[in-house]
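The values are calculated or read from the model by the stated rules, or taken from the named source; none is laboratory data. What you see is a predicted model, and the numbers here were worked out from it, not measured in a lab. Neighbour counts are summed over all protein chains in view; Cβ atoms, including those assigned to glycine, are modelled from backbone coordinates with ideal geometry. Protein only, heavy atoms only, side chains kept; ligands, DNA and RNA dropped before computing areas. Shrake-Rupley method; radii C 1.70, N 1.55, O 1.52, S 1.80 Å.
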Amino acid sequence: MKVPAHIAAIMDGNGRWARRRGLPRAIGHREGVKALHEAVQVCGDIGVKYLTVFTFSTENWQRPKKEVDTLMNLMARAIDDERPGLMENNVRVRTIGRTSDLPEHVRTRLESLIADTASNTGLTFILAINYGGRAEILDACKKAGEQGIPESEQDFASLLYDRSLPDPDLLIRTGGDRRISNFLLWQLAYTELHFTDTLWPDFRKDKLLAAIEEFSKRQRRFGRI
Ligand code: IPE
Ligand code: IPE
Ligand code: MG
């Protein structure tokens, strides 16, 4: 099986997972963290180099304050809970997004997790938090205004949030919708897309491996014949 070097995931469907069980949406988000824990483990085990997950979009601030608070608190708690395991599994954590606008208790935890895992050499795990593809392109243009107009696509890409990331090979979106929702607009130009109706909390090891298996059979042409 050909393993993609970089997998990106839009982890959608937590709310519906809970609603179908008559539970509060917060429980769906909590289950979503468990699925994410498993995805990190699987990706590390099979030799994926980069896993980028969409955890909170620039548009998600428009949700009710109670839900936004729940998501922020859950992120803070997950960072505390997952830190030892991430260290043990040699995972390097990074973020993309306008992280400076996050609540202080989330931002400081993220900063310390990034610092603590910086020299780990296994899976690079990128959290897209307060991330928007358009915001990223706009922020890159602002940098270009200070540093000079980029000459090439490569020069432009170096102005994005993390210049060291290769483009994703495979994008997975759970939850049944066939859209990008402002994720990685520049980087997805030639990414293979995998949409599934499975809700994120149910997207466990077997489903992830099946998506990778299916990816490995695809023929990527990049405009050639
Ligand atoms: C994904 O699940 C998590 C975030 C967007 C933060 P949703 O909360 O969007 O769940 P649904 O789409 O309402 O089911
Ligand atoms: C995309 O999910 C963002 C994240 C998973 C963080 P949404 O639930 O916000 O997307 P839409 O609103 O259905 O497009
Ligand atoms: Mg959703």
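Just one residue in the set G32, G47, G97 is within 15 Å of the chain's Cα centre (by Cα) and away from ligand 3 (no atom under 15 Å from the Cβ); that residue is G97.
State which residue is farthest from ligand 2 (Cβ to nearest atom) when the search covers only region 38-64 and only residues that are of a type in the set (F, W, Y) and closer than 21 Å to Q187 by Cα.
Initial filter on region 38-64 (of a type in the set (F, W, Y)): 50, 54, 56, 61.
Then drop every residue that is not closer than 21 Å to Q187 by Cα, which leaves 50, 54, 56.
On the way: Y50: 18, F54: 4, F56: 5 Å.
Among them, the one singled out is Y50.
Restricting region 1-37 to residues that are in contact with a strand residue (DSSP E or B) (Cβ under 8 Å, 6 or more places away or on another chain) and aliphatic (A, V, I, L, M) leaves a set whose member that is farthest from ligand 2 (Cβ to nearest atom) is A5.
Note on region 180-195: residues that are farther than 18 Å from A5 by Cα, open to solvent by less than 70 Å² (accessible area, probe 1.4 Å) and part of a loop (DSSP other than H, G, I, E, B) total 4. Looking across region 2-17 at every residue that is touching a residue at least 60 places away in the same chain (Cβ under 8 Å) and assigned to a helix (DSSP H, G or I), the one that is farthest from W200 (Cα to Cα) is identified as R16. Is it true that R134 is closer than 20 Å to S100 by Cα and among the charged types (D, E, K, R)? Spelling it out, R134 is indeed closer than 20 Å to S100 by Cα and among the charged types (D, E, K, R).
Per the listing D177, D167, D162, the residue uniquely more than 26 Å from S100 (Cβ to Cβ), part of a loop (DSSP other than H, G, I, E, B) and among the acidic types (D, E) is D177.
Only one entry of G28, G15, G22 meets the criterion of being more than 10 Å from ligand 1 (Cβ to nearest atom), at pLDDT 95 or above and surrounded by fewer than 22 Cβ atoms within 10 Å (Cβ to Cβ), and that entry is G22. Whether any residue in region 53-70 is under 18 Å from T108 (Cβ atoms) and over 18 Å from the mean Cα position of the chain (by Cα) is what I want to check. Checked against the condition, which is being under 18 Å from T108 (Cβ atoms) and over 18 Å from the mean Cα position of the chain (by Cα), region 53-70 yields at least one hit.
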